[in-house]
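Single-structure report; data block below.
The values are calculated or read from the model by the stated rules, or taken from the named source; none is laboratory data. All figures in this text were calculated on a predicted structure; none of them were measured in a lab. So basically every Cβ, Gly included, is an ideal-geometry build from the backbone, and we count neighbours across all protein chains shown.
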Amino acid sequence: MTDTLNHNYIIDSHCHLNYKGLNDDVKAVICRANDRNVQLMLAINTKIKEFDEVHQIALENDCVYATVGVHPHEAENEQGIALDALLERAQNPKIVGIGETGLDYYYDNAPRDLQRENFRTHIHAAQETGLPLIVHTREAEGDTWEIMSEEMTRKPYTGVIHCFTASTDFAQKALSLGFYISLSGIVTFKSAKDLQDSAKIIPLDKLLVETDAPFLAPVPNRGKTCEPAFVADTLTFLSDHLNVPAADLMQKTSENFFKLFTKIPADIVHKLKEAA
């Protein structure tokens, strides 16, 4: 169905609508996003104890879907999260992905052994449900790759490296597993030359865009609280940087989103526009 639809709009594939700066008026945040042609948002869960509020935002807003997961920073605070806890919540109709999960050795907010255990549990949830995995990795390319590749050999699964800032080598490895790569506002920063170079090797059929709101506001909004509307600025930058017309990039990144997050009906945005 995706090939026959016109995806001439933008999807924010990763945002945190329950976080401070956005959660005080989610409706207004969504309206501002819609005004900039951002028609669908994926609200990411980072703590099981916050799952209900993330899920509720998705239930209350037709253009928002959500995930279930424990961020690597929370691997100690929420250690022992059982596979069943993820599987049970993943059954909800508006829960379409597992994560975010992964490894963060930059901040080391949780012991690395607990991060690795947490990561594998989430991969197992993705394998069991068939839902895509949302992976966070920072200063942990070696272990991230080792775990991802080992688990892929055990049982295939799909996913995305979100807010990509890793090396070109890691990008190529992730792509070799069939993973998608999502770029945030960081790619617009003047200091992000290496990332901008890496962006050019990502096949267009494996590219997503995101905000990671309320963090990492892209140029020209740096210093502001980031929100889903700003993903339009990241897409505009990438359109120029990759020499791809903006309309084509909207079409491709939205099409990619639906190919990865298969639980969401591909015609959902068209239905939303008709109902508006």
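In the stretch 137-159, of all residues being touching a Leu at 6+ places or on another chain (Cβ under 6 Å) and part of a strand (DSSP E or B), the one that is farthest from residue 188 (Cα to Cα) corresponds to 159. Of 208, 195, 216, 175, all but one fail to be surrounded by fewer than 22 Cβ atoms within 10 Å (Cβ to Cβ), under 19 Å from the mean Cα position of the chain (by Cα) and not in a helix (DSSP H, G or I); the exception is 216. Set side by side, the residues 231, 269 differ, and just one is within 16 Å of the chain's Cα centre (by Cα) and of a type outside the set (Gly, Ala, Ser), which is 231. Criterion first (in contact (Cβ under 8 Å) with a residue 24 or more places away in the chain, of a type in the set (A, V, I, L, M) and surrounded by fewer than 23 Cβ atoms within 10 Å (Cβ to Cβ)) does residue 183 satisfy it? In short, no. Within the stretch 232-254, residues that are over 17 Å from residue 181 (Cα atoms) and modelled with pLDDT of 95 or more have Cβ atoms under 9 Å from residues that are of a type in the set (Asp, Glu) and part of a helix (DSSP H, G or I) in these pairs: 246/240, counting only partners at least 6 apart in sequence or on another chain. On the given criteria, is residue 266 at pLDDT 95 or above and not polar (S, T, N, Q)? No. The set of residues in the stretch 4-29 being over 22 Å from residue 99 (Cβ atoms) and in contact (Cβ under 8 Å) with a residue 60 or more places away in the chain consists of 5, 6, 7, 8, 9.
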